[in-house]
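Just below is one structure, and these are the notes that go with it.
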Amino acid sequence: MKDRSKDLLSVEMTDKQFIVFEGGEGAGKTSAIAALAATLKAAGHDVLLTREPGGTPEGLALRALLLAADAPPWDKHAELLLITAARIQHVKRIIEPALRAGKTVLCDRFIASTLAYQGAGRGIPTELIRDLHRRLVGNIQPDLTILLDIDPIIGLARSARRLHSARLDEGRFEALDLAFHAQVRSAFLAIAAATPSVVIDASRPLPDVHTAVTTQVLAWLTA
């Protein structure tokens, strides 16, 4: 029998390079994506680990403006444009060059988060969001999305503990009501059902979540 795990050692450019992690607050994306990055690096992949908002100096500056709990409220359309501006810089300067270089790109949040938070959550028409992405970002889409699905009640409690422990001022969305986060979760699940995605139950202990993510991604890479 062929050892299919050896296929993972190939780092030639393929259509399986861009993997995005999505999920609501407290889903555990940061630790899960780091665990997968370590596994892929050990297997010989040249991995770029990045996130949104962020990934560039401009994106990090906008992250502070968008996520700080004490930041002035943004009009929902202004919020969308700031997020899109950060993504343009991120894609053009970081993601696209990495993909052309044959790297495996692991990104914490991408267009699905905008569709879920600013679309379903804020009520902006999804076609407007998609049109901006198509026209300004270049319509780049993940080859695979890992959706870490979690009940918002559990996720928000986790996130509050993380922010407090790390002394992070990034609680703007955590402060929104439970109905908002329920809409976000429903949108994520609908997007996952319509795109190349794997849905992982993120309410389980973190080691179990990491194992599930690794198993699913390795199976996808070697299929």
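I'm trying to understand the selection: among the residues of the range 187-197, which are outside any strand (DSSP E or B) and either at positive phi or buried (at least 18 other Cβ atoms within 10 Å of the Cβ) (or both)? Within the range 187-197, ALA187, PHE188, ILE191, ALA192 qualify. Filtered by the rule that a residue be open to solvent by 30 Å² or more (accessible area, probe 1.4 Å) and not in a helix (DSSP H, G or I), the range 124-139 gives PRO125, GLY138, ASN139. Starting from residues that are open to solvent by less than 20 Å² (accessible area, probe 1.4 Å) and of a type in the set (S, T, N, Q), keep the ones in the range 13-70 and report whichever is nearest to ARG162 (Cα to Cα). By that ranking, first place goes to THR50.
Condition first: free of Cβ contacts under 8 Å to residues at least 60 places away in the same chain and farther than 17 Å from GLN17 by Cβ. Now tell me which residues in the range 201-223 satisfy that. If the condition is that a residue be free of Cβ contacts under 8 Å to residues at least 60 places away in the same chain and farther than 17 Å from GLN17 by Cβ, then ASP201, SER203, ARG204, PRO205, PRO207, ASP208, THR211, ALA212, THR215 are the ones that fit. Within the range 66-86, residues that are farther than 22 Å from PHE110 by Cβ reach no partner that is assigned to a loop (DSSP other than H, G, I, E, B) and at pLDDT 95 or above with beta carbons closer than 9 Å at six or more positions or on different chains. For the range 71-90, a residue qualifies if it is of a type in the set (D, E, K, R), under 21 Å from the mean Cα position of the chain (by Cα) and open to solvent by 70 Å² or more (accessible area, probe 1.4 Å), and exactly one does: LYS76.
Residue check: ILE200 meets all listed conditions (1) in contact with a helix residue (DSSP H, G or I) (Cβ under 9 Å, 6 or more places away or on another chain); (2) open to solvent by less than 40 Å² (accessible area, probe 1.4 Å); (3) under 25 Å from LEU82 (Cα atoms) but one, namely (3).
The values are calculated or read from the model by the stated rules, or taken from the named source; none is laboratory data. Note that the coordinates shown come from a computational prediction; the quantities given were computed from them, not determined experimentally. Counting neighbours? That spans all protein chains shown, and the Cβs are built from the backbone with ideal geometry, glycine included. What goes into the accessible areas is simple: the full protein's heavy atoms, side chains included, and nothing from ligands, DNA or RNA. Shrake-Rupley method; radii C 1.70, N 1.55, O 1.52, S 1.80 Å.
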